[in-house]
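Visitor: Quick one: the structure is below, and I'll ask about it shortly.
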Amino acid sequence: MSDLSDYRKSYEKSELLESQIPEDPINLFNQWFYEVEEFGGVEEVNAMTVSSIGLDGFPKGRVVLLKQFNEDGFLFYTNYNSEKGKEITQNPKVCLSFFWHSIERQVIIKGIAERTSAAISDNYFDSRPHGSKLGALVSPQSQVIPSREYLSSKLTDLENEYSEKEVQRPEYWGGFLIRPVCVEFWQGRPNRLHDRIRYTLENNVDWKIERLAP
Ligand SMILES: Cc1cc2nc3c(=O)[nH]c(=O)nc-3n(C[C@H](O)[C@H](O)[C@H](O)COP(=O)(O)O)c2cc1C
């Protein structure tokens, strides 16, 4: 068995103090998101893990790309018929998490997912490169397929079919907007005494701010 007990580091890059934080977690998220770049960046700073509760009762996390965030919430796009699509449709309580190692920060967001309007999904789909649009048509995401060949031959067929036509968004593909109800910010600190600040939505309007033990 591999022994990883010597894999450890001291976290020393920043701190998170009540005196410095805004009343609203989206403002703090915005600040942290853009600070990643200043601290050396990470590949795909907008990559996040979306965890949902499976139809089998197991939680499952997978990485997707955050495409927008604002006061309403956090938006990503996917196939509504995928495993996650079905799970989130059945149980819209999800968790998003980010780990930005260059600045030793983690953000964990619990929220309620809803499908974006057809207009929003269309708008984003239309902005994608032609090949990505075809990919959405080719792939029955999360279903068992017989081979790699299945995908390449379907792609070739669709490339011929759509050589002169625009690809329309299939109705099974679109966005999920996650409206946050609880957002936890974790800043690594020395001696494992990390800073953890949790924002919890109260009465649908106010954010309660608490410090958690690391
Ligand atoms: C960096 C990265 C970005 C990804 N972005 C997306 C995305 O935006 N939307 C998506 O549906 N899948 C994305 N995926 C693939 C998902 O992780 C996952 O394999 C896929 O959505 C099927 O998940 P499911 O079977 O649990 O539904 C991405 C994977 C990685 C590693």
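Visitor: What is the local net charge at L65, summed over the other residues whose Cβ is closer than 14 Å to its Cβ (Lys, Arg +1; Asp, Glu -1)?
Guide: Details: positive: R62, K67, K84, R128; negative: E43, E44.
Net charge around L65: +2.
Visitor: Something else: Ignoring ligands, DNA and RNA, please state the percent of accessible area on the chain from carbon and sulfur, probe 1.4 Å.
Guide: Working: 6100 of 12550 Å².
The nonpolar share, carbon plus sulfur, comes to 49 percent.
Visitor: Could you check the spin-label model distance between L55 and I120? Points 7 Å from the Cα along Cα→Cβ, value in nm.
Guide: The answer from the label model is 2.5 nm.
Visitor: Something else about it: Could you name the lysines whose alpha carbon sits less than 29 Å from that of K93, not counting residues in the same chain fewer than 8 places away?
Guide: K60, K67, K84, K110, K133, K208
Visitor: Within 12 Å, Cβ to Cβ, of K84, how many net charges do the neighbouring residues add up to if Lys/Arg are +1 and Asp/Glu are -1?
Guide: Working: positive: K60, R62, K86; negative: E83, E87.
Net charge around K84: +1.
Visitor: Nearest 10 degrees is fine. How inclined is helix 118-127 to the longest principal axis of the chain, computing both from alpha carbons?
Guide: 80 degrees
Visitor: Would you mind getting me the FRET efficiency between D206 and L65? Use the beta-carbon distance for r and R0 = 30 Å, nearest 0.05. Please report the intermediate quantities before stating the final value.
Guide: Working: r = 31 Å, r/R0 = 1.02.
Using R0 = 30 Å, I get an efficiency of 0.45.
Visitor: In Å and on Cα atoms, what radius of gyration and Dmax does the chain show?
Guide: Reported Rg and Dmax, both Å: 20.0, 61.
Visitor: Over region 71-114, average the accessible area per residue using a 1.4 Å probe and give it in Å², no decimals.
Guide: Numbers: 1720 Å² over 44 residues.
Here the residues of region 71-114 average 39 Å² of exposed surface.
Visitor: Could you tell me the accessible area of D24 in Å² (1.4 Å probe, neighbours in place), rounded to the nearest ten?
Guide: Here the residue's solvent-accessible area equals roughly 30 Å².
Visitor: In degrees between 0 and 90, to the nearest 10, how far off the longest principal axis of the chain does helix 148-161 point, with axes built from Cα atoms?
Guide: Tilt relative to the chain: about 60 degrees.
The values are calculated or read from the model by the stated rules, or taken from the named source; none is laboratory data. Everything numeric in this text was worked out from a predicted model, so none of it was measured. Cβ sites come from the backbone with ideal geometry, for glycine too, and all protein chains shown count toward neighbours. To get the accessible areas, we keep the full protein, side chains included, count just its heavy atoms, and leave off ligands, DNA and RNA. Shrake-Rupley method; radii C 1.70, N 1.55, O 1.52, S 1.80 Å.
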